Amino acid sequence: MAEFDETFDWVVVGSGAGSVSSALLMKHAGKSVVILEKAPVFGGSTAKSGGVMWIPNNRFMEPGEDSEDKAIAYLDAVVQDSPEFPGTSPEKRRTFVREAPKMLDFVVGQGVDLERCSKFWPDYYDELPGGVKTSRTVSAKPFNKNELPGGWGKKIRKGMLEMPVKLDDGMQFANLNRSWAVRGLFAKTAAKVVMGKALGQQWVSAGAALQGRMLKALLEKDAADVRLDSPVNEIIMDGDKAVGVVTVKNGKPWRIGANIGILLNAGGFGHNPEMRKQFLPKSDIAWTNSIESSTGDMHLEVERIGGKLAQMTQMVGHPTSRSPGFDDMYMKTGMQNVGAKPHAILVDQSGMRYMNEASSYEHICQTMMERDDVVPAIPSWIVMDSQFMIKFPMAEKMGSRIPKKWRETGWLKEGRTLEELAGKIGVPADALKATVDRFNGFVDAGLDADFQRGNDRAYSGYLGDTLAEPGPGRTLGKIEKGPFYAVECIPGDVDTYGGVLIDNDARVLKADGSPFGNLYACGITTASIMGDVYPGAGASIGPSMTFGWIAAKHAAGLGNQDLS
Ligand SMILES: Cc1cc2nc3c(=O)[nH]c(=O)nc-3n(C[C@H](O)[C@H](O)[C@H](O)COP(=O)(O)OP(=O)(O)OC[C@H]3O[C@@H](n4cnc5c(N)ncnc54)[C@H](O)[C@@H]3O)c2cc1C
């Protein structure tokens, strides 16, 4: 038998979304928990993120707006079942749809203040059966980190929106120059920021608010011993059963035993150069938004003990562009909304359009990488005209004035005519001209006959000009007024999406398909239950929290108890 320096009932590796939902449940079941986090800060990629959870049929939706059957129909329509994607199955998706709203009720019941993120953030394939054109998204209310005791406020990982504003409202600031209502909202938020600063408050929104609120519930309930700077380097096995882990304490190996289970929630492999080269060769490590500690440690450890990795070529793509200052950016420049706006299209290096530009970030990058196998498409080019430039935001530009450095660095390509622009980006001029003429014809007809941009789903309109009337005009607009512009678009990511295989109880599977004893996993350490598809905003965090909770329920023997 292994000797341990210390023993807990439930040992959690990593401090992401599912770690906390599992720990709260274990506390409820009277079990002791330790959370071991490799980084010097708490919260994982979840804290850096938008903090949006995709939770179908959730408590914040209107009666009749959603149902288990509708959500199952949607996932069955959008997710492919094939041997290539063993991380998903109809039964696993049903488990998620059934358990996710219960998990949410439980977490809210533990004092975590959540809300509907938005009334209009449609599913990414809302035209399919069961798709929702409103929103299935949930997020945390903004959070003042001073509410955390014992200096923990300074130990939450930096977020993407550090101010007292609801995420959905913050996203509307993109229309600041075009809407008095948004200006009013901005002024109100600015006043709150000034007031908060004067009072010494530390407001955060999005993922940092989610993880701040989750940590607060954990600490108030004394639900877990949370340890930072505590990497797990080894899973200790007794035959096929996981019995403990080796971490580090005071610079020395420290062995912790686990009475009822170990949960692996150690994030993805976005920052592991070798794994990236092997599995995601078309997406450079310099383009990722994933956190530096996402190095696939538990992917490799599970492989070492006889588990199997799957769906490893999947990532949650984030169309980006190397705008000035790119290498030092905490959040890499986002390009998804740019190509989806009127007066803009995306073309490959032969000058051809090859997708519906008003698609999910994951779909755009996946399509770009697939296209690149056929025609050079990395980088692709977002081509736009002066109407776009005057009207819409891009990178740090909010109004119509083009930042000087865009031209100085050569990031922005410019031509008085399309032919001149084509020369600047190395694309055949006649092909680019023909593509634009064809697109302009679709705009006149109000129908994109090639890719159905703007005709097929509410989500296209969400990405387009949200101040315009609903309809194709939100995303379709002619490219006709010079000067013409182009910027590159490359497939970055917000995280990886492949990993270890788990069963419906979140137990990690051996290569032969049977579960290890006492070993569980959730989040992006696992092969996504969505296969190669991103069905809606929050499809990483929602499942992480749900399967972390399912794992704890199983390990604590709580079965089908009503825990809400
Ligand atoms: C800018 C941005 C915005 C995003 N927005 C959203 C969104 O709104 N909704 C959504 O669903 N997804 C979003 N994503 C993706 C999402 O954030 C992540 O995929 C998700 O948070 C992963 O959660 P997790 O629970 O799997 O792990 P994480 O939150 O990444 O946590 C894993 C933790 O494990 C730790 N760890 C790693 N190795 C070890 C080890 N050996 N020992 C101990 N600890 C270890 C890591 O340091 C990390 O803290 C976004 C990502 C980014 C970057």
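Flag: K308 does not match the condition of being outside the structural domain of I502 (by TED's automatic domain parsing), surrounded by fewer than 24 Cβ atoms within 10 Å (Cβ to Cβ) and within 29 Å of W411 (Cα to Cα). Among residues of the stretch 153-182 that are within 12 Å of G212 (Cβ to Cβ), those with a Cβ under 8 angstrom from a residue that is surrounded by fewer than 18 Cβ atoms within 10 Å (Cβ to Cβ) and of a type in the set (A, V, I, L, M, F, W, C), sequence gap 6+ or separate chain, pair up as K155/L228.
Looking across A266, A258, one residue alone is at pLDDT 95 or above, assigned to a loop (DSSP other than H, G, I, E, B) and within 24 Å of Q110 (Cβ to Cβ). It is A266.
Within the set of pairs 6+ apart or on separate chains, which have a first residue in the stretch 382-408 that is more than 18 Å from Q336 (Cα to Cα), a second that is of a type in the set (A, V, I, L, M, F, W, C) and crowded, with 17+ Cβ neighbours inside 10 Å, and C-beta atoms under 6 Å apart? So the pair list comes out as W406/L412. Among the residues of the stretch 375-406, those identified as modelled with pLDDT of 95 or more and among the polar types (S, T, N, Q) are S380, S386, Q387. Which one is surrounded by the most Cβ atoms within 10 Å (Cβ to Cβ), of the residues in the stretch 240-274 that are away from the ligand (no atom under 13 Å from the Cβ) and of a type in the set (A, V, I, L, M, F, W, C)? So, considering only residues that are away from the ligand (no atom under 13 Å from the Cβ) and of a type in the set (A, V, I, L, M, F, W, C), the one surrounded by the most Cβ atoms within 10 Å (Cβ to Cβ) is A258.
With S540, S514, S528, S544 as the choices, which residue is hydroxyl-bearing (S, T, Y) and touching a Cys at 6+ places or on another chain (Cβ under 8 Å)? The conditions single out S544. Report yes if some residue within the stretch 214-225 is closer than 28 Å to T288 by Cα and of a type in the set (D, E); otherwise report no. The answer is no, given that none of the residues of the stretch 214-225 is closer than 28 Å to T288 by Cα and of a type in the set (D, E). Taking every residue in the stretch 542-564 that is of a type in the set (D, E, K, R) and pairing it with any residue that is buried (at least 24 other Cβ atoms within 10 Å of the Cβ), at least 6 positions away or on another chain, the pairs with Cβ-Cβ distances below 7 Å are K553/L25. Considered as a group, the residues in the stretch 311-331 that are within 9 Å of the ligand (Cβ to nearest atom) and not hydroxyl-bearing (S, T, Y) include one that is surrounded by the fewest Cβ atoms within 10 Å (Cβ to Cβ), and that residue is M331.
For first residues located in the stretch 469-489 and under 14 Å from F442 (Cα atoms), partners that are assigned to a loop (DSSP other than H, G, I, E, B) and basic (K, R) and lie 6+ apart or on another chain with Cβ distances below 9 Å form the pairs P472/R453; R474/K341; T475/K341; T475/R453; L476/R453; G477/K341.
Okay, residues lined up against (1) near the ligand (Cβ under 8 Å from one of its atoms); (2) under 17 Å from the mean Cα position of the chain (by Cα); (3) surrounded by fewer than 24 Cβ atoms within 10 Å (Cβ to Cβ):
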| residue | (1), (2), (3) |
| --- | --- |
| V508 | no, no, no |
| S514 | no, no, yes |
| Y520 | no, no, no |
| D532 | no, yes, yes |
| G536 | no, yes, no |
| I541 | yes, yes, no |
| N560 | no, no, yes |
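Number of residues in the stretch 38-74 that are of a type in the set (A, V, I, L, M), buried (at least 24 other Cβ atoms within 10 Å of the Cβ) and not in a loop (DSSP other than H, G, I, E, B) equals 3. Just to be sure, is I35 surrounded by 24 or more Cβ atoms within 10 Å (Cβ to Cβ), among the β-branched types (V, I, T) and more than 20 Å from the chain's Cα centre (by Cα)? When the stated conditions are applied, I35 passes them.
Results for (1) closer than 30 Å to I256 by Cα; (2) away from the ligand (no atom under 16 Å from the Cβ); (3) among the charged types (D, E, K, R), shown as yes or no for each residue.
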position: H28; (1), (2), (3): yes, yes, no
position: L36; (1), (2), (3): yes, no, no
position: S45; (1), (2), (3): yes, no, no
position: M53; (1), (2), (3): no, no, no
position: M61; (1), (2), (3): no, yes, no
position: D66; (1), (2), (3): no, yes, yes
position: D69; (1), (2), (3): no, yes, yes
position: Q80; (1), (2), (3): no, yes, no
position: G87; (1), (2), (3): yes, no, no
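Against the conditions (1) under 30 Å from G307 (Cβ atoms); (2) surrounded by fewer than 21 Cβ atoms within 10 Å (Cβ to Cβ); (3) of a type outside the set (A, V, I, L, M, F, W, C), D222 satisfies every one except (1). Residues being closer than 21 Å to V316 by Cα and among the β-branched types (V, I, T) are represented in the stretch 72-84 by at least one member. The set of residues from the stretch 9-21 being crowded, with 24+ Cβ neighbours inside 10 Å and more than 10 Å from the ligand (Cβ to nearest atom) comprises W10, V11.
Of the set (1) under 31 Å from the mean Cα position of the chain (by Cα); (2) at pLDDT 95 or above, all apply to V436 but (1). Inspect the stretch 156-176 for any residue being farther than 30 Å from P515 by Cα, in contact with a helix residue (DSSP H, G or I) (Cβ under 9 Å, 6 or more places away or on another chain), at pLDDT 95 or above and surrounded by fewer than 19 Cβ atoms within 10 Å (Cβ to Cβ) and give the result as yes or no. There is at least one residue in the stretch 156-176 that is farther than 30 Å from P515 by Cα, in contact with a helix residue (DSSP H, G or I) (Cβ under 9 Å, 6 or more places away or on another chain), at pLDDT 95 or above and surrounded by fewer than 19 Cβ atoms within 10 Å (Cβ to Cβ). For L280, the requirement of being buried (at least 17 other Cβ atoms within 10 Å of the Cβ), of a type in the set (A, V, I, L, M, F, W, C) and near the ligand (Cβ under 10 Å from one of its atoms) is not met.
Per the listing D297, D229, the residue uniquely within 29 Å of G153 (Cβ to Cβ), within 14 Å of the ligand (Cβ to nearest atom) and in contact with an Asp or Glu (Cβ under 8 Å, 6 or more places away or on another chain) is D229.
Counting only strands (runs of 3 or more DSSP E) that sit completely within the stretch 456-543, those holding 1 or more residues that are under 29 Å from S118 (Cβ atoms) correspond to 484-496.
The values are calculated or read from the model by the stated rules, or taken from the named source; none is laboratory data. Fair warning: this is a prediction, and the values are worked out from it, not measured in the lab. Cβ atoms come from the backbone with ideal geometry, glycine included; neighbour counts cover every protein chain shown.
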